[in-house]
Amino acid sequence: MKPAKHQPSSLPTISDEMKVWSSALVAEISDWPQVTARSFFGFTALYRKDKIFAALPRTRVWETANSLAFKLASPAPAVRARLEKAARPWSSSPDKARWFTFELRSDADLHDALDWLGRAYAAARYKTSR
């Protein structure tokens, strides 16, 4: 029997600051109507009814040690323009993206994070065609 190979994780480890920020954001957003939080591979997945709209880190992060992710399936043109102008949020292919990451750098960024998470929450109320 061969010994198990240790493979490094492709997801970075969460920073201590982000653990605090993520917990605060989950506590705030969990009080929003129709929101449930579920454990999801090192993240806390946030759902509006049955639609996921964000993933906040618990033990792993998407891009950097201080990042979270949110989903905007079909952003309105004004939101798309804001995404394109902003240094944050980020996506590797913004013209096709549905998931975006947002990096927090200080406590002051919590306001912007809540704004983007609020947009993702609002977008999750709409049904999407499959």
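The values are calculated or read from the model by the stated rules, or taken from the named source; none is laboratory data. Keep in mind it's a predicted model, so treat the numbers as computed, not measured. No Cβ is skipped: glycine too gets one built from the backbone with ideal geometry, and neighbour counts run over all protein chains shown. Remember, those area values only see protein heavy atoms, side chains included, never the ligands or the DNA or RNA. Shrake-Rupley method; radii C 1.70, N 1.55, O 1.52, S 1.80 Å.
For every residue, the table says whether it meets (1) open to solvent by 80 Å² or more (accessible area, probe 1.4 Å); (2) among the aromatic types (Phe, Trp, Tyr); (3) modelled with pLDDT of 95 or more; (4) under 13 Å from the mean Cα position of the chain (by Cα).
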| site | (1), (2), (3), (4) |
| --- | --- |
| Pro3 | yes, no, no, no |
| Glu28 | yes, no, yes, no |
| Gln34 | yes, no, yes, no |
| Thr44 | no, no, yes, yes |
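Please enumerate the residues belonging to segment 48-65 that are touching a helix residue (DSSP H, G or I) at 6+ places or on another chain (Cβ under 8 Å) and open to solvent by 30 Å² or more (accessible area, probe 1.4 Å).
Selection gives Arg48, Arg58, Ala65.
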Restricted to segment 99-130, and to residues that are at pLDDT 90 or above and part of a loop (DSSP other than H, G, I, E, B), which residue is farthest from Glu17 (Cα to Cα)? Ala124
Quick check: is even one residue across segment 86-98 at pLDDT 80 or above and either closer than 21 Å to Leu11 by Cβ or open to solvent by less than 30 Å² (accessible area, probe 1.4 Å) (or both)? yes
For segment 26-68, name all the residues that are in a loop (DSSP other than H, G, I, E, B), of a type outside the set (Ser, Thr, Tyr) and under 21 Å from Asp16 (Cα atoms). Phe41, Gly42, Arg58, Val61, Trp62, Glu63, Ala65, Asn66
